[in-house]
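Data first, discussion second: the structure below is written as structure tokens.
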Amino acid sequence: MLSRLTLALLTALVAAGDAARCQTPHDLWTPAVLQRIRNRSNLNPQIIPRAGYFEVLFDSEVGEASWADSGPPYEVHTGSTIRIRGYLATPVFGGPYPAIVVGHGHGGRGSPELAVAMAALGYVALSIDGPRAGGSTGGPRDTEQAWISVERVINEPSPEVSYLYHYAYAGMRALTFFDYLSRLFLNPFRVDRNRLGVMGASMGGQFTYYINGVDDRVKAAVAIAVAGDWGKIAFYEGSWLYHGLYYYTRDGLASRTDHLNAVSDVCLDPTMETFLSYFDPLRYAPTQHGPLLTILGSHDQYFTVPGINTTYEQTASAGTNPRFLARLMLVPDGKHGVLDEADPLGSILPVIQNIDAWLRYSFRNGPAPPQTPSVRLEMDGEMMIFRVTAPPGASALRGVELHVATQMDTYPQSPCDFLTIGLARQGEEWVAALPAGVTPPCGPPATPDNILYFASARDAADYTVSSKMYYQSSEMQFCSGFIPRIEHFPRDAFPVPPPPEGPCGCVVPPPEENR
């Protein structure tokens, strides 16, 4: 039976360009910056006992933080200190234990309940308030404008001004705080500084990609409700990421007048180019350090599924961890909150089990997960034959499921687009046959021209590992012709405009020899 601590864990987590350009922005996270981040001597730590946890405070950037106003006059401020508040919980006995920094989502704050739930699972956990969120002080507020503020001088890149920079910086300073705690006399908080991790949902998922992409202290990473390739996501009609960045930031798009930290053109504006270059998770995917599990709902309104396909394709090891792996878990009919709202308990259990198994693999040399499944669609007369290759990991597979839909409609409170089918083992493959014209719970009848599908493999070690998403006969890509139906951004008071047009949209690139 699902424990209250287990439910609190996921509930708190959820509440709270081109391949050639997918390089980690090393000129932002330079060795000098990382050295400052790891300096224990200027943390100015404070630890306050509370009932069941500790409230902690520490300095992040000390006298050097720069950021821009989120509203008029949009001035850039420099030379301040950002002080972070967090909620620390640790197992009562034993240890030392792996220690995990947890990042919250956009507009959220840290959670003592989440820290306590993680401690009950056997981890030292520190859930932090981002800059100027909750009890943290200094730096920018967490607004869309603060995300896209990446300039001190108009159209000259200064990504260290962005809220996302300060948030990731604070997360890495939290790792340094763990290092500090582990060196206290008798290690009273039982921190193993050689087993550090990071996890988070939504903006906390971005935080996870950033930190795991630049900090080799990370030995485990779980990113929830996040995907990259943001420049392409803007071309999905109604995308919440597009709405947040273009309609809730300083005017430029409507007036076509460029300003400091404003976007006047969706494709060509230098502000947007800097933002995408430094804060699209896709830029960090090729240099991940700790084993990375990414969990995403199929109906995510911010990060549409082709983005996770692209991001997963680019994910690779930074070369610091011989046990590095990357895996996906797609939740059918899950929105940005990940869970299937029609079956929250049924969908929460495999997610929690997967996270726990992943952390056991990363921190405790647990069994390896299954390999990423792949799916092949063939036609046999009027039958659609799905063949899934799902190599097991260290544990035997309990089963493989196929999830099939003909649309992705996020407007219903509980989307109902995917039909889930158990597959039969045939030699080295898992197979299902569906007649053309079969009707999913919601959406039109299935044909080879409108079919959407992915597979998930479950094993005896409680892993659930998904394939990428497929459309028609191949892996789904941006510009494939499929468009999800995405509900209004929550604060919208105007009709959803069509996606932008321009040279960064769905155009066929010139042949390599002509570039």
*Considering only region 269-299, how many residues are touching a strand residue (DSSP E or B) at 6+ places or on another chain (Cβ under 9 Å) and surrounded by 24 or more Cβ atoms within 10 Å (Cβ to Cβ)?*
14
*Residues of region 436-468 being among the aliphatic types (A, V, I, L, M) and either touching a Cys at 6+ places or on another chain (Cβ under 7 Å) or surrounded by fewer than 20 Cβ atoms within 10 Å (Cβ to Cβ) (or both), which ones?*
ALA436, VAL438, ALA460
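Determine, yes or no, whether GLY79 is assigned by TED's automatic domain parsing to the domain that holds PRO131, in a loop (DSSP other than H, G, I, E, B) and loosely packed, with under 15 Cβ neighbours inside 10 Å.
Against the criterion (assigned by TED's automatic domain parsing to the domain that holds PRO131, in a loop (DSSP other than H, G, I, E, B) and loosely packed, with under 15 Cβ neighbours inside 10 Å), GLY79 does not qualify.
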*Taking ARG21, is it under 27 Å from the mean Cα position of the chain (by Cα), modelled with pLDDT of 95 or more and in the same structural domain as PHE177 (by TED's automatic domain parsing)?*
no
*asked:* Out of the strands (runs of 3 or more DSSP E) lying entirely within region 384-493, which hold 1 or more residues that are assigned by TED's automatic domain parsing to the domain that holds GLY244?
replied: none
*asked:* Looking only at region 484-515, filter to residues that are closer than 28 Å to ALA446 by Cβ and modelled with pLDDT under 85; which one of those is surrounded by the fewest Cβ atoms within 10 Å (Cβ to Cβ)?
replied: PRO498
*Look at PRO98 and say whether it is in a loop (DSSP other than H, G, I, E, B) and either under 22 Å from the mean Cα position of the chain (by Cα) or of a type outside the set (Gly, Ala, Ser) (or both).*
no
_Set GLY105, GLY135: member being over 16 Å from ASN44 (Cα atoms), part of a loop (DSSP other than H, G, I, E, B) and either in the same structural domain as ALA220 (by TED's automatic domain parsing) or touching a Lys or Arg at 6+ places or on another chain (Cβ under 6 Å) (or both)_ = GLY105
*Check region 282-292 and report whether any residue there is modelled with pLDDT under 95 and either of a type in the set (S, T, N, Q) or closer than 27 Å to PRO73 by Cβ (or both).*
no
*Which residue pairs have Cβ atoms closer than 7 Å, lie 6 or more positions apart in sequence or on different chains, and pair a first residue in region 199-217 that is in the same structural domain as GLY334 (by TED's automatic domain parsing) and modelled with pLDDT of 95 or more with a second residue that is small (Gly, Ala, Ser) and in a helix (DSSP H, G or I)?*
PHE207/ALA168; PHE207/GLY171; TYR209/ALA285; TYR210/ALA168; ILE211/ALA168; ILE211/GLY171
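The values are calculated or read from the model by the stated rules, or taken from the named source; none is laboratory data. Just so it is clear, the model here is predicted, and its values are computed rather than measured. Ideal geometry is used to build each Cβ from the backbone, glycine not excepted, and the neighbour counts take in all protein chains shown.
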